[in-house]
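Below is one structure; the comments refer to it alone.
The values are calculated or read from the model by the stated rules, or taken from the named source; none is laboratory data. Fair warning: this is a prediction, and the values are worked out from it, not measured in the lab. When we count neighbours, we look across all protein chains shown, and the Cβ atoms used for this are built from the backbone with ideal geometry, even at glycine. Side chains included, ligands, DNA and RNA excluded: accessible areas come from the protein's heavy atoms. Shrake-Rupley method; radii C 1.70, N 1.55, O 1.52, S 1.80 Å.
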Amino acid sequence: QAWRLTSANTYFALSKTYPPILPVASCLEDEEIENAATFRSKGRIPILSWKRKGCECALMRSSQPMSGMMQRKRNSCDEKIIHHLAASSGDRKEVFIADVRPQVNAVANMAKG
C-alpha cells in the first residue's frame, strides 16, 4: 500500500487550509509529516489529490517550500515525500513539478524564504 490516511492535521494543527484527514505516503511517520509542514508555506505539505485506479500515476498538491532565495534551505522530511512520489510512479521514476503561480508571486515568495 503506497498511500495511507493520517489524522496529523486534526484540529488543523499542520494547516488551516487542509482537511483534518490527509492522504499521504505510507512510508511517512506522522512526525515526519509534521516536520515537513514547517518547511512549506501555510503547512501545505505535498498530499495526494488524485490517483487513477490501476495506474501508478498520482497528482499531488502543495504550497511552495520555504527554502529562501539565498539560503537554499532543505528539509529531509519534505524531500522524502518527493522521493516517495518518484518511487511510486512506476517504471519512469519521474516527478513533474508545475508552479502555477504568477511569476511575480513566485519571485516574491522565494525572496521571503
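So the values come out like this:
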| quantity | calculated |
| --- | --- |
| Residue in the range 68-90 that is under 13 Å from the mean Cα position of the chain (by Cα), assigned to a loop (DSSP other than H, G, I, E, B) and modelled with pLDDT of 85 or more present | yes |
| Search result, residues across the range 1-41 that are of a type in the set (A, V, I, L, M, F, W, C) and open to solvent by 50 Å² or more (accessible area, probe 1.4 Å) | 5, 12, 13, 21, 27 |
| Verdict on residue 59 being open to solvent by 50 Å² or more (accessible area, probe 1.4 Å), under 18 Å from residue 99 (Cβ atoms) and part of a strand (DSSP E or B) | yes |
| Cross-chain or 6+ apart pairs with Cβ under 8 Å, the range 100-113 first and over 18 Å from residue 62 (Cβ atoms), then at pLDDT below 75 and of a type in the set (A, V, I, L, M, F, W, C) | 111/69 |
| Subset of the range 2-57 (residues that are among the basic types (Lys, Arg) and either in contact (Cβ under 8 Å) with a residue 24 or more places away in the chain or on the phi > 0 side of the Ramachandran plot (or both)) | 16, 40, 42, 44, 51 |
